[in-house]
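Only one structure is covered here, and it is reproduced in the block below.
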Amino acid sequence: MNSSVTLPAPAKLNLCLHIVGRRHDGYHELQTAFQLLDYGDELTFSPRADTYIHLHPAIEGLPLKDNLIWRAAQLLRPRARAYTGVDITLRKRLPMGGGLGGGSSDAATTLLALNQLWDCQYSNKELQTVGLQLGADVPVFVAGHSAWAEGIGERLVPIELPERWFLVVTPPTPVATGTIFCHKDLTRDTAPITVAAFLERGGKNDCQPLVRKLYPEVDKALIWLENFVSNATMSGTGASVFASFESEAEAREVQGKTPTDWSSFVARGVNLSPVHDRLFKA
């Protein structure tokens, strides 16, 4: 990677999110199905002639030290065998606080790109372990395949999912994930299921009833989407909600009726991450 390269940072949907227990360290034991999408943010990596790492643009209200892209680069820097400065330009399309994994995916794409640019020589499995230091959702984006996840989300089993079309709608009310997971009314005792059981019968989102109660706009978005489909649900801890469709045309027809103060997009579910398709295709 000697010249600028632009790479996708795909969104994810949680097709289910079961909370099956709570660990002594305060983290929750989860079961979830990650569906990758062919839509997300984009990052451009441009090598520099000096040693500086520059991020463009700055994200309002987010200090540089808390930016997952910056933190990902700093984690790889000591391992670099061919270090060079780099300009990293983010085209942000995914909403913050939407439950779509935008920040985690940005971090994962940064890890994958700089692992090559800097010749860090991490294996994908090693890079997943590095990514876990940044967040529980980062490893699935590094792994690059739709997956069944357990633990805090880091124990991954690749799965093949039907590549349906999805309409994703986000009301203007970011949800604080920490608030939901710390709330006394959150269900934490769902019985574990097998991957096969999920693939046959689907699952539920244990965070959804609480988020609907605490965030009326999310409840409103789900009610609106339920007017058109029976499979409307929330991704992660929200605020984004989604439904699947058999065709792009069906999804776009409903999207055309979305209230103007909500953001929305239509995307196709994919099993292989678009960033892996770009970086590792023969």
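Just so you know, all these numbers are worked out from the coordinates, no wet-lab data involved. These figures come from a predicted structure and were not determined experimentally. Quick reminder, even Gly has a Cβ in these numbers, built from the backbone with ideal geometry, and neighbours come from all protein chains shown.
Determine which lysines satisfy two conditions relative to Lys184: a Cα distance under 25 Å, and not lying fewer than 8 residues away in the same chain.
Lys204, Lys213, Lys220
Arrange the peptides 51-64, 92-105, 68-81 so that the one whose residues have, on average, the most other Cβ atoms within 10 Å appears first.
The peptides rank, most packed first, as 92-105, 68-81, 51-64.
Extending each Cα 7 Å along its Cβ direction at Ser247 and Asp119, get the distance between those two points in nm, one decimal.
Computed distance between label sites Ser247 and Asp119 equals 5.3 nm.
What's the magnitude of the charge dipole for the chain around its Cα centre, counting Lys and Arg as +1 and Asp and Glu as -1 at the beta-carbon? Answer in Debye, nearest 20.
440 debye
Quick check on packing: order 186-199, 228-241 by the mean number of other C-beta atoms within 10 Å, highest mean leading.
In descending order of packing, they fall as 228-241, 186-199.
Using only Cα atoms, locate the centre of the range 198-229 and the centre of the range 61-84, then give the distance between them in Å, rounded to an integer.
Cα centroid to Cα centroid, the span is 36 Å.
What number comes out for the charge environment of Val270, summing +1 per Lys or Arg and -1 per Asp or Glu over other residues with Cβ under 9 Å away?
So the surrounding residues net to -2.
Looking at the calculated P(r) for the range 184-228, what percent of the C-alpha pair distances fall above 16 Å?
So the portion of pairs separated by more than 16 Å is 54 percent.
Could you list which residues have their amide H under 5 Å from that of Glu29, counting only those 5 or more apart in sequence or on another chain, with H placed in the peptide plane?
Val20, Gly21, Arg22, Arg23
Could you tell me the calculated FRET efficiency between Arg91 and Arg188, based on Cβ-Cβ distance and R0 = 51 angstrom, to the nearest 0.05?
0.85
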